[in-house]
Structure formats: C-alpha cells, structure tokens
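Chemist: The structure's right below; bear with me while I get my questions together.
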Amino acid sequence: MKIAILSRGPKLYSTSRLKQAGLERGHDMQVIDYLRCSMDITSHRPRMFYKGQPLTGVDAVIPRIGASQTFYGTAVVRQLEMMGVYSVNESQAISRSRDKLRSLQLLSRAGVGLPVTAFAHSPRDVDAIIETVGGAPLVVKLLEGTQGIGVVLCESRGAAESVIEAFRGLDAYILAQEFIAEAGGMDIRCFVIGGRVMAAMKRQGAKGEFRSNLHRGGEAGRIKITPEERATAVRAAKVMGLSVSGVDILRSNHGPVVMEVNSSPGLEGIEEATGVDIAGKIIAYIEKHARPGATRDRSRG
C-alpha cells in the first residue's frame, strides 16, 4: 500500500517510527507536510495537490496534526476522505477530540468517569465555578492549551478567582476542574488501537510539579492497569470515534477519571517505557482495515 503520514516534522520520533514500521512491512511510505497541501473542492471530482503537484494513488493516511493547525489539518484529512482515501483517524473524530469542552460533554453523556468540571462565560460567575468543583484547590485550564501549557493549580480560593478573572479578561475560555490530590502528580497514558489497549505507562510529574507531561520533565514507566481502567480507556476512545488514541487517566478515590483523549499521541515515551512496537501495531491495523471509501463517522455529535 501507499501510506501517507500527514506531519510537519519528518524527523520527529513518532513520524520516523511510523515510516520505518511501514517500510519494514513492505509499504510505500511518504511523509507529507499537510500545510503544503491545496485542495480542488469540486462536486464529484475532489482533488488534492502537494507542493503544486496532484496527490494520487494514496491508499491510507496517518494524521499527525499539530494542535495549532487543527482547522487546516482536518480540512486536508476531510478532502482525502472525500477522495476515498482511508484515514486511520477520521477528520470529524480529530476535531471532536481537540475541542476540550465538546469532548468532555460527549464523555459525560456516555457515562465515562471524569473530574468534576465547570464552565462559564461571565467573570461574574467565578463563585459558582469554584463551588461547582468543590472549592480550592482546583485546576484551571485554557481550552486551547496543550502539553500542560495553560494549566494552573490554584491552591486557594483567592488564587482561583484571580486566575479565572485574568483569563476571562483576555477573552480566553477556560475550564475549572477538581484537583485530584490522591493522584500524587501521576497519570496513566493508555494507548488504544482499534478498541484495545495495546500498552500503558505511568507518567510521574517532576518534583513540585502537579502536571505529569513528559515535555515538562515528567518520567515514564511501565504500569499494570486495572480492568476498570482498561474499560474506561477503550470506552473513551470509542466515544471520540478514534481508532488510534492516547487516553490519559487519573486514579481518583471515586475510580478512574479521563483527563484527555489525544488523537495524535506521541510514540516515543510509550515505546521506551513499555517496549511495545506501537508503530508496527498501527501499520498492522491499517493493513487490516484500509479500503477505499471506508469513512464511518459521517454525522455523529
């Protein structure tokens, strides 16, 4: 098969590992900078161009869309879907997972465990937001933040009021969530492919840091997850409609709670921590499921 990896960084670990895994299994692999793609949106004859040349013969794509380029990246994936190209993660599922508020609402509707979360528009509703999540300490998150950026632990009510008012004063939308103190700065990344957890790792935040992101100095290690955690991760991925995802879970006193479902999860940390060939498993999944016009997710919320 001819498989395209939609990525702006051909030398990034995840991109290079996917390319290597595909080549080892005999596929024609191409890394495509999706920002260099242009589209001919014509009824019954949609076309894609890459660096000015027609992009043809692609059987499947692996989207590795950066959070800051979600709008254009998903437009490229959607155009390829219109052309009958199989995408391991579909455009609508990527958009759904990138919208933090929408994704939490959908997970809530499906009964997936979540931290208590509050959302409001007016700065005058700060008291209601804080009370909803059980008071301080609490976590305030920018809706557009990634990799722990725009996530603030407010240890007092006064700090929470100041942070929320400051963000809203900048017209930034925020979520407030209960602080899961019992997690101890540790979360679990479950890598889900095709409705199965293929690997799981724990991520422990650096000393004095409540965020466990590896980009912020966190450490990764292998972990054995419980059946409830496994079921929660699988269900969360299914709700988002993602065939490949990283589901981030905290262990709370009231069971596993989902923090985020990532549509472009990194491979480096999980492969190094667990020794599992995640890239190879993604290629194997594509081999089994790729076929022309196989887009499933046409109208779900």
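Chemist: For region 50-58, state whether one or more residues are within 18 Å of the chain's Cα centre (by Cα), surrounded by 12 or more Cβ atoms within 10 Å (Cβ to Cβ) and modelled with pLDDT of 95 or more.
Modeler: no
Chemist: Ok, one more. Would you say ILE65 is aliphatic (A, V, I, L, M), in a helix (DSSP H, G or I) and either outside the structural domain of ARG203 (by TED's automatic domain parsing) or under 16 Å from the mean Cα position of the chain (by Cα) (or both)?
Modeler: It is false that ILE65 is aliphatic (A, V, I, L, M), in a helix (DSSP H, G or I) and either outside the structural domain of ARG203 (by TED's automatic domain parsing) or under 16 Å from the mean Cα position of the chain (by Cα) (or both).
Conditions (1) at pLDDT below 90; (2) assigned to a strand (DSSP E or B); (3) under 18 Å from VAL261 (Cα atoms), marked per residue:
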{"site": "GLN147", "(1), (2), (3)": "yes, no, yes"}
{"site": "LEU153", "(1), (2), (3)": "no, yes, no"}
{"site": "VAL192", "(1), (2), (3)": "no, yes, yes"}
{"site": "VAL197", "(1), (2), (3)": "no, yes, yes"}
{"site": "MET201", "(1), (2), (3)": "no, yes, yes"}
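Chemist: Then there's this: Test THR42 against the stated conditions and say whether it is surrounded by fewer than 21 Cβ atoms within 10 Å (Cβ to Cβ), in a loop (DSSP other than H, G, I, E, B) and β-branched (Val, Ile, Thr).
Modeler: yes
Chemist: Take the residues of region 155-190 that are surrounded by fewer than 20 Cβ atoms within 10 Å (Cβ to Cβ) and of a type in the set (S, T, N, Q): which is modelled with the lowest pLDDT?
Modeler: Looking at residues that are surrounded by fewer than 20 Cβ atoms within 10 Å (Cβ to Cβ) and of a type in the set (S, T, N, Q), I get SER162.
Chemist: Select from region 71-101 the residues that are farther than 27 Å from ALA118 by Cβ and of a type in the set (Ser, Thr, Tyr) and list them in ascending order.
Modeler: Matches in region 71-101: TYR72, THR74, TYR86, SER87, SER91.
Chemist: So which of SER122, SER91 ends up being surrounded by 14 or more Cβ atoms within 10 Å (Cβ to Cβ) and either over 16 Å from the mean Cα position of the chain (by Cα) or at pLDDT 95 or above (or both)?
Modeler: SER91
Chemist: For region 5-29, how many residues are crowded, with 17+ Cβ neighbours inside 10 Å and farther than 17 Å from LEU267 by Cα?
Modeler: Qualifying residue count, region 5-29: 2.
Chemist: Among the residues in region 74-87, are any assigned to a strand (DSSP E or B) and at pLDDT 95 or above?
Modeler: Yes; the residues of region 74-87 include at least one that is assigned to a strand (DSSP E or B) and at pLDDT 95 or above.
Chemist: May I ask you to list pairs of residues, at least six apart or on different chains, whose Cβ atoms are under 7 Å apart, with the first in region 222-248 being at negative phi and in the same structural domain as VAL261 (by TED's automatic domain parsing) and the second being of a type in the set (D, E, K, R) and in a helix (DSSP H, G or I)?
Modeler: MET240/ARG96
Chemist: Out of GLU144, GLU165, GLU178, GLU131, report the one residue that is acidic (Asp, Glu), closer than 22 Å to SER252 by Cβ and touching a residue at least 12 places away in the same chain (Cβ under 8 Å).
Modeler: GLU178
The values are calculated or read from the model by the stated rules, or taken from the named source; none is laboratory data. Note that the coordinates shown come from a computational prediction; the quantities given were computed from them, not determined experimentally. When we count neighbours, we look across all protein chains shown, and the Cβ atoms used for this are built from the backbone with ideal geometry, even at glycine.
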